[in-house]
Every structure is written in C-alpha cells, then in structure tokens.
Amino acid sequence: MFPVRYVALVFDKAGDATRGIDVKVFIEAAQQVFPRLLRPLVITWFALVTAGSALVIILLAVPSAYAWFR
C-alpha cells in the first residue's frame, strides 16, 4: 500500500514514541474510519482547484486583461 511505506519512515524518525505501532494495521484502521467518499472528493477538489488556477493564469495572460492592470 502506498502510504504505509511513508508513514513507517515518519514513525521510524519519531523515535520511541511510535516504536511499537504496526503501521499497516494503523493505516487499515484509519481507512475503515474515513468515509469511502472522501478519496474521490479530495481528487475532485484537487482537479477543480488546479483547473481554476490554470484558468485564472490564462485569463490574466489574455491581452484584454491588460486594461485592468494599467
């Protein structure tokens, strides 16, 4: 699983406080608690924010936008 490796690295760097935690079980428990709809919502949010930012950059680069910045 993707996050298990990175969470394990963070837990290793944390030292004694996280030494006895089984990372795979920890991640699986967290996934069961979160709603199934969360992941698609996060992906949709990311896509909309990225597309909106790109649209703003493009619209600001259009020559008709120069009048607003004189």
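What follows is calculated from the coordinates using simple rules that are stated; it is not laboratory data. All values reported here derive from a predicted model rather than from experimental measurement.
Calculated [222 nm] ellipticity per residue, helices only, for the chain: -22500 deg cm²/dmol; basis is -39500 (n - 2.57) per DSSP H run with n ≥ 4, divided by all residues, nearest 500.
Hydrophobic, long helices, defined as DSSP H runs whose alpha-carbon span along the helix axis is 20 Å or greater and whose mean Kyte-Doolittle value is at least 0.5, occur in the chain at 38-61.
The chain has equivalent-ellipsoid semi-axes of 43, 17, 8 Å, by the square roots of 5 times the alpha carbon gyration tensor eigenvalues, sorted largest first.
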